[in-house]
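Here the structure comes first, spelled out in structure tokens, and everything after it is commentary.
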Amino acid sequence: MPADIATIVDPDTYLTGVPHEALARLRAESAVVWMDEPAIDQWPAGPGFWGVLRHAEVKEVMRNPAVYSSHLGATQISDPPGDKALAFVRQMMLNQDPPEHSRLRKLLTRAFTPRAIARLEDRIAGWARELVTNVADRTECDFATEVAADLPLLTLAELFGVPSADRWLMFDWSNRVIGYQDTEYALSARAGADGSTDMAKRAIALRPRPDEHGRLPDQRTRAGMPDLYAYAHELGEYKRRNPGDDIMSNLMREVDDEGGRVSVGEFENLFWLFSVAGNETLRNALPGGLFALMSHVDEYRRLRADRSLLGPAVDEMLRWWSPVMRFRRTATVDTELGGTRIRAGDKIVVWFSAANRDERAFAEPDRFDIAREPNDHLGFGHGPHYCIGAHLAKVQMRALFTALFDVLGEVEPAGEPVRLRSNFQNGIKHLPIRRRT
Ligand code: HEM
């Protein structure tokens, strides 16, 4: 396998950074490149896949679910282990195609009422300020674990009406699902029984333990997440009986076109999806955005001085950092993409980390420009699965950077960042910072 492709696929590469030069060399040659699929840790080797590297072709794939399916082989590179596991992941809307996908998507859109969102936005601003103020007296702190990690948890807890004391469970679950290529994250157990509800204690007691080889059950199976499902089931049953004024209670009240309701089983799967999708993604975007600012001090100062640039700056962080680096589809028919013949059944992997640096779509793509205009980045995907939490993610990013500028002013690195071992999420696990004096 050519060296550049091996580099892109190897999760160890990302311990030192995203291989932008290798991606650029391949992108210059072709929009679509065949990539081998070696065994990675406990996941076996696969047949290989088409890597899509250019902006226009990534959009073409994402807006065309009839040709490039999320349902057929789900959305991770490696196939789920067996038919039962495939059937399991297909219950998540992420791994469905229209029209099946449209039902939940429509119901969710209705549950995010302007009133519920406005209330959430107020709370987010308060939490962001509190989190930054908590570290203001310290000479140094770890921005990733001590500041950024909690904001998505507080937000998700509010969205689901989860008791705030239980929120670190979601931290562990999303680490286990998304950070499976990184031992520290795969075995994450930050939520303790102390101070949490009885419901959380019952879930923690079910946390899977590694076998004698240090391996956990595959997190893409129900057996891999027994603690999450136990918790989600109790919460779903409770909400069915006692709906509150949170967004997920709104969802439970909604009625679909056929007069049906969201079942407790569907609620459990949504709980799985949101705990993961609305959590680590943002936890990586926040330190990623701060890393971008700290490595472009002029842009940092420009933004601090002109907060009207916060909106475009957040989009530029999402483009430049690309917290989610890739997703998969499967071709349903023989087709052609960017001049390459694709056969029905082939795996297609869109690389946002490459498309977001495509010179055909962005002038000087490697430059971090907080006022970039236009900025048609693909950080939240594109088409029917476009991130449903994009607005909430941006609200959280704007709130945390506002609080950081107000309370800490200018900060600088206080040590090397520690990066996540993953070819899926562009993650920073630890980001030591201190106030610049
Ligand atoms: C910066 C943070 C985030 C990034 C980079 C991100 C990225 C993405 C991407 C790329 C997709 C498309 C997946 C695909 O096409 O297969 C997606 C979907 C999704 N995201 Fe996000 N996301 C973020 C934050 C959030 C938040 C805060 C939430 C919830 C509160 C959320 C919930 C979801 C859900 C439920 C889906 C699936 C939508 C569907 O299948 O229709 N995400 N996200």
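Numbers at a glance
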{"item": "Any hit, region 308-324, residues being farther than 17 Å from H382 by Cα and over 26 Å from the mean Cα position of the chain (by Cα)", "result": "yes"}
{"item": "Cross-chain or 6+ apart pairs with Cβ under 9 Å, region 6-24 first and free of Cβ contacts under 8 Å to residues at least 40 places away in the same chain, then polar (S, T, N, Q)", "result": "A6/T13; T7/T13; P19/T7; P19/T13; P19/S353; A22/T7; A22/T13"}
{"item": "Qualifying residue in region 361-376 (condition: outside any helix (DSSP H, G or I), free of Cβ contacts under 8 Å to residues at least 24 places away in the same chain and β-branched (V, I, T))", "result": "no"}
{"item": "Some residue of region 302-317 being surrounded by 16 or more Cβ atoms within 10 Å (Cβ to Cβ), touching a Ser or Thr at 6+ places or on another chain (Cβ under 8 Å) and either modelled with pLDDT of 95 or more or over 27 Å from S102 (Cβ atoms) (or both)", "result": "yes"}
{"item": "Criterion violated by G82 - all others in (1) free of Cβ contacts under 8 Å to residues at least 12 places away in the same chain; (2) under 21 Å from the mean Cα position of the chain (by Cα) satisfied", "result": "(2)"}
{"item": "Count of residues meeting criterion [in a helix (DSSP H, G or I) and under 17 Å from the mean Cα position of the chain (by Cα)] in region 170-205", "result": "11"}
{"item": "Single residue of region 384-412 satisfying the filter (small (G, A, S) and surrounded by fewer than 17 Cβ atoms within 10 Å (Cβ to Cβ)) that is farthest from the ligand (Cβ to nearest atom)", "result": "G409"}
{"item": "Breaking point among (1) within 16 Å of the ligand (Cβ to nearest atom); (2) touching a helix residue (DSSP H, G or I) at 6+ places or on another chain (Cβ under 6 Å); (3) acidic (D, E), for D97", "result": "(2)"}
{"item": "Subset tally (residues that are in a loop (DSSP other than H, G, I, E, B), among the hydrophobic types (A, V, I, L, M, F, W, C) and surrounded by fewer than 22 Cβ atoms within 10 Å (Cβ to Cβ)) for region 134-169", "result": "2"}
{"item": "Region 265-313, subset more than 15 Å from K394 (Cβ to Cβ) and outside any helix (DSSP H, G or I), residue nearest to the ligand (Cβ to nearest atom)", "result": "N279"}
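The values are calculated or read from the model by the stated rules, or taken from the named source; none is laboratory data. From a predicted model like this one, the values you see are computed outputs, not experimental measurements. Positions of Cβ are backbone-derived with ideal geometry, glycine not excepted, and every protein chain shown enters the neighbour counts.
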